[in-house]
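The values are calculated or read from the model by the stated rules, or taken from the named source; none is laboratory data. In this text, all values refer to a predicted model and were calculated from it rather than measured experimentally. Methodologically, a virtual Cβ is constructed for each residue, glycine included, from the backbone with ideal geometry; neighbour enumeration extends over all protein chains shown.
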Amino acid sequence: MNASIKAATHGRIKTKKRSQLKAIWFQYRKNRLAMFGLALFVILIFIALGSGFFVDYETQVIEQHMKERLRPPSAAHWFGTDQYGRDVFARVVWGARISLFVGLFTVGIALVVGSLIGALSGYYGGWLDNFLMRIMDVFLAIPGTILAVAIVGALGPGLFNVLLAMSIARIPQFARIVRSSIISIRGQEFVEAARACGTKDRRIILRHIMPNAIGPVVVQVTLHMATTILGVAGLSFIGLGIEPPVPEWGSMLAEAREQMRYNPYLMFFPGMAIMLAVLSLNLIGDGLRDALDPRMKN
């Protein structure tokens, strides 16, 4: 009897979740700009994942061909060639893999660690809340870009150090968002009912509180991915990010500075790639914010 009741309850919960996801998707689809941002981001992901199939890394991306240097855009080289004879189109395409990977990985790490800190702080409160939030306040007192520059400057440039620096710089924001969401939820009736049934704190946090607090976090994930891509490009532009010859959009802009007056295409295409990536993520974030807002359902 108990098993049948649990199975029926579990089925109702799954049905409710599916209906909620359908409602969110219905609201999201009504936003044309958000759909455009989603389509654009899917194209960028496809380009990043498929870059290894239609671009040869050794011969087109990093190998120098001085006889082909500074060729303008043409049928042979869609985006032209740089001062070392490398195909700009191939480098921009391969740079999508670097920039999007860094954005996804950085935000993923910051989301997991920040959510853990925010969940513990918001659920238990008291001295633990004060201790964890004062540590987060120390990091929040330093602008994220300056903190990332300090970490990379101390550890040296490189992909791993950039990932570490950008992750640490994003953790406090996620911790604050999750904490505030959990504080607003932890006193509601379904949480009190779970406690009265003897449910362990870990299960209450993971199964009851976090799913209801995830809405604002999802929106912040897309927005922080956009700022992370900009931050990584900025670090590479000043020589503290991904080291050449690995193609990264920010380092490509830095290498093209000297050619900006006579060969502006060298800065236009990587700059356009950064703009499109950030634009798509911002549009997705705006669409999710509206779709998750109950007031927009009317």
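Assuming G239 fulfils every condition listed in (1) at positive phi; (2) touching a helix residue (DSSP H, G or I) at 6+ places or on another chain (Cβ under 6 Å) apart from one, which condition is it? So G239 meets the others, but not (2).
For the structure I just gave you, tell me whether A90 is farther than 17 Å from M252 by Cα and among the aliphatic types (A, V, I, L, M). Answer is no for this residue. Condition first: touching a helix residue (DSSP H, G or I) at 6+ places or on another chain (Cβ under 8 Å) and assigned to a loop (DSSP other than H, G, I, E, B). Now tell me which residues in segment 159-195 satisfy that. Answer for segment 159-195, where residues must be touching a helix residue (DSSP H, G or I) at 6+ places or on another chain (Cβ under 8 Å) and assigned to a loop (DSSP other than H, G, I, E, B): just R186. Check L100, L128, L111, L147 and return the single one that is crowded, with 19+ Cβ neighbours inside 10 Å and in contact with a Leu (Cβ under 7 Å, 6 or more places away or on another chain). Only one candidate qualifies: L100.
This table checks each residue for (1) in a loop (DSSP other than H, G, I, E, B); (2) closer than 18 Å to I242 by Cβ; (3) modelled with pLDDT of 85 or more.
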{"site": "I45", "(1), (2), (3)": "no, no, yes"}
{"site": "E58", "(1), (2), (3)": "no, yes, no"}
{"site": "P72", "(1), (2), (3)": "yes, no, no"}
{"site": "R91", "(1), (2), (3)": "no, yes, yes"}
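Number of residues in segment 152-184 that are over 18 Å from I229 (Cβ atoms), surrounded by fewer than 18 Cβ atoms within 10 Å (Cβ to Cβ) and not small (G, A, S) equals 2.
Has segment 211-220 got any residue that is within 30 Å of A291 (Cα to Cα) and out of contact with any helix residue (DSSP H, G or I) (no Cβ under 7 Å at 6 or more places or on another chain)? Looking through segment 211-220, at least one residue is within 30 Å of A291 (Cα to Cα) and out of contact with any helix residue (DSSP H, G or I) (no Cβ under 7 Å at 6 or more places or on another chain).
Look at (1) touching a Lys or Arg at 6+ places or on another chain (Cβ under 8 Å); (2) within 29 Å of T227 (Cβ to Cβ) and you find that H77 fails only one, number (2). The residues in segment 105-156 that are more than 20 Å from the chain's Cα centre (by Cα) and not in a helix (DSSP H, G or I) can be counted, and the count is 4.
Only a single item in (1) of a type in the set (G, A, S); (2) buried (at least 19 other Cβ atoms within 10 Å of the Cβ); (3) modelled with pLDDT of 85 or more is not met by G271, and it is number (2). In a residue-by-residue description of segment 72-87, the property of being on the phi < 0 side of the Ramachandran plot, among the basic types (K, R), surrounded by fewer than 17 Cβ atoms within 10 Å (Cβ to Cβ) and out of contact with any Ser or Thr (no Cβ under 7 Å at 6 or more places or on another chain) applies to no position.
On the given criteria, is A254 over 21 Å from the mean Cα position of the chain (by Cα) and on the phi < 0 side of the Ramachandran plot? Working first, answer last.
Working: over 21 Å from the mean Cα position of the chain (by Cα): yes; on the phi < 0 side of the Ramachandran plot: yes.
Criteria met by A254.
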